[in-house]
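Visitor: Sharing a structure with you now.
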Amino acid sequence: MPNDLNRRDFVKNATVAATAATVACGRAEEQPAQRPNILWLISEDTGPELGCYGYPLVHTPNLDRLAAEGVRFTSAFTNAPVCSASRSSFMTGRYCTSIGAHNHRSHRGDGFGLPEGVHVFTKYLRDAGYFTCLPGAKKTDWNFTDSEKPYDSNDWADLKTHQPFFAQYGFGETHRTFKHCPGHPVDPAKVTLPPYYPDHPITRQDWALYLEDINVLDQKIGAVLQKLEDDGLADNTVVFYFGDHGRCHVRDKQFLYDGGIHVPLLIRWPGQVQPGTVDDELVSALDFAPTCLDVAGAPAQKHMQGRVFLGAHKQPEPRYVFATRDRCDETVDRIRCVRDHRYKYLRNFLPDRPYMQPNAYKARQYPVWNLLKELHAAGKLTPEQELFVADHRPPEELFDLRTDPWEVNNLAADPAHQDVLQRMRAALEAWIVDTDDQGRFPESAEAVAAAQEKAR
């Protein structure tokens with residue numbers, strides 16, 4: 001059954017079941033007298049275009065201060081480049097493809113549940129005595145229905161009298177449609193565009209507006225951090241800030257290039273994290289849930305597929321991170337990628353389809369989407385820009401991120417890189433089997449037809 005844990009997970013769970021009580025007791029003894037609160041600040045559709053990441057033109061004093069007071073991760077990646085699939089993953093600690101939650105905004109209202117024994121990780125925090133809260137934008141956007149109550153409240157005011165707490169505060173400022181930031185405008189003439197976008201007034205304006213919304217986002221986050229301080233909660237609260245996936249641009253969101261999955265990750269943990277630390281380890285959003293359980297002193301959940309990447313029980317850095325893209329709205333696709341510090345390998349399982357398959361959302365919301373088509377028809381695109389408007393795709397893509405950070409020079413056919421290609425290909429193929437990638441099984445024709453009808 002596609003909604004059951006795979007065989008490997010079953011064996012793993014059976015093996016550890018006999019010692020679970022011992023582990024839990026051991027953890028309980030390790031808990032400090034006052035367990036820390038945990039606050040997640042999640043922005044939508046945000047790449048690491050922040051001042052603390054060295055990005056010019058933006059005004060982000062609050063996020064920059066958070067980085068200065070904690071740790072800034074340079075290599076954090078989500079496991080999907082679109083909100084519902086990504087959130088389904090980092091809220092359960094399992095790949096969305098392992099739990100049948102990989103198709104964007106699927107299973108809305110049909111009662112589709114998580115595999116037996118898998119829950120939104122707030123259940124385990126609640127079991128450990130944490131109060132859970134969803135203030136702010138209150139966005140969940142999961143591709144499943146959990147059988148457990150994920151949050152106790154959606155009112156920030158409850159936090160002062162309910163501790164320890166886990167709170168998840170969402171921000172939609174960097175999601176389209178973009179708006180101006182009157183206090184901190186960005187001059188479109190000064191922006192630096194990726195080489196895969198045409199240097200055109202429409203592109204420059206669109207990129208500048210995205211940066212202005214980052215400025216607005218920073219103001220909103222600053223207000224929440226001030227509220228935390230005013231309520232006397234800051235000194236005992238671990239603050240996570242991250243994007244739910246990469247930036248909301250044509251070749252970024254919904255695709256597995258770094259623009260779609262590379263996110264900012266800042267963590268402030270007073271007394272536990274050295275202020276001003278910069279960490280270059282590969283971090284997957286899949287790691288957030290198991291790490292927070294560890295921070296809380298809650299028992300580890302062996303079905304989770306991430307690792308603890310922070311604190312006293314930090315586990316080793318993985319060699320690779322993985323990400324997936326499947327149907328988004330009415331647009332059927334299947335792409336997988338594996339990345340290490342230097343190379344990125346992508347597998348396009350539907351290479352006969354163009355990157356720019358028809359998609360009503362992008363046609364409405366992305367001005368550069370239609371601009372690319374117009375400039376392509378007029379013969380005014382560079383070779384790097386033509387790649388994305390081609391009528392088909394290569395089945396495999398390989399990029400040297402050290403020399404080609406924008407991922408425009410495909411090395412899959414390069415004889416000098418065949419060893420790397422074979423290594424990365426083998427890693428992805430093993431991951432597909434080991435994690436029971438359910439994207440191998442096409443959706444029903446009825447589900448696809450319903451998504452297409454909804455997009456009309």
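Where a number appears in this text, it was derived from the coordinates with a stated rule and is not lab data. Predicted model, so just to flag it, every value in this text is computed and none were measured. Positions of Cβ are backbone-derived with ideal geometry, glycine not excepted, and every protein chain shown enters the neighbour counts.
Visitor: Karplus couplings for segment 167-183 from phi (6.51 cos²θ - 1.76 cosθ + 1.60, θ = phi - 60°), rounded to Hz, Gly and Pro as x?
Guide: The phi angles translate into 10, 10, 10, x, 9, x, 4, 8, 8, 5, 8, 6, 10, 6, 10, x, x Hz.
Visitor: Oh, and also: Compute the normalised compactness of segment 190-276: alpha-carbon radius of gyration over 2.2 N^0.38 Å, N being the residue count.
Guide: 1.40
Visitor: Could you work out the equivalent-ellipsoid semi-axes for the chain, taking the square root of 5 times each eigenvalue of the Cα gyration tensor, largest first, in whole Å?
Guide: 34, 27, 21
Visitor: Along segment 93-99, what does the Karplus equation 6.51 cos²θ - 1.76 cosθ + 1.60 (θ = phi - 60°) give for ³J(HN,Hα), rounded to whole Hz, x for Gly and Pro?
Guide: x, 10, 4, 4, 6, 8, 10
Visitor: Using θ = phi - 60° and the Karplus curve 6.51 cos²θ - 1.76 cosθ + 1.60, what whole-Hz ³J(HN,Hα) does each residue of segment 225-238 get, with Gly and Pro shown as x?
Guide: 5, 5, 5, 4, 5, 4, 7, x, 9, 5, 5, 10, 10, 7
Visitor: Another question about this same structure. First obtain the Kirkwood hydrodynamic radius of segment 325-455 from its Cα pairs, then insert it into the Stokes-Einstein equation at 4 °C and 1.567 mPa s, and state the resulting D in µm² per second as a whole number.
Guide: Rounded, D is 78 µm²/s.
Visitor: In debye, nearest 20: dipole of the chain around its Cα centre with unit charges on the Cβ of K, R (+) and D, E (-)?
Guide: The calculated dipole for the chain is roughly 380 debye.
Visitor: While we're looking at this one, here's another question. Over segment 28-105, what portion of Cα pair distances is larger than 14 Å, expressed as a whole percent?
Guide: In whole percent, the long-distance tail amounts to 73.
Visitor: By how many nm would the segment from His341 to Glu374 grow when fully extended, if each residue of separation counts as 0.36 nm and the alpha-carbon distance is taken off?
Guide: Length difference between fully extended and current span is 8.3 nm.
Visitor: Ranking request for peptides 255-263, 215-223, 426-434: highest mean number of other beta-carbon atoms within 10 Å first, then the rest in descending order.
Guide: Packing proxy ranking, top to bottom: 255-263, 215-223, 426-434.
Visitor: Roughly how many Å is it from the Cα centre of segment 53-123 to that of segment 377-443, as a whole number?
Guide: If we compute the Cα centre of each part, the gap is 23 Å.
Visitor: Ratio of segment 247-391's C-alpha Rg to 2.2 N^0.38 Å, to two decimals?
Guide: 1.33
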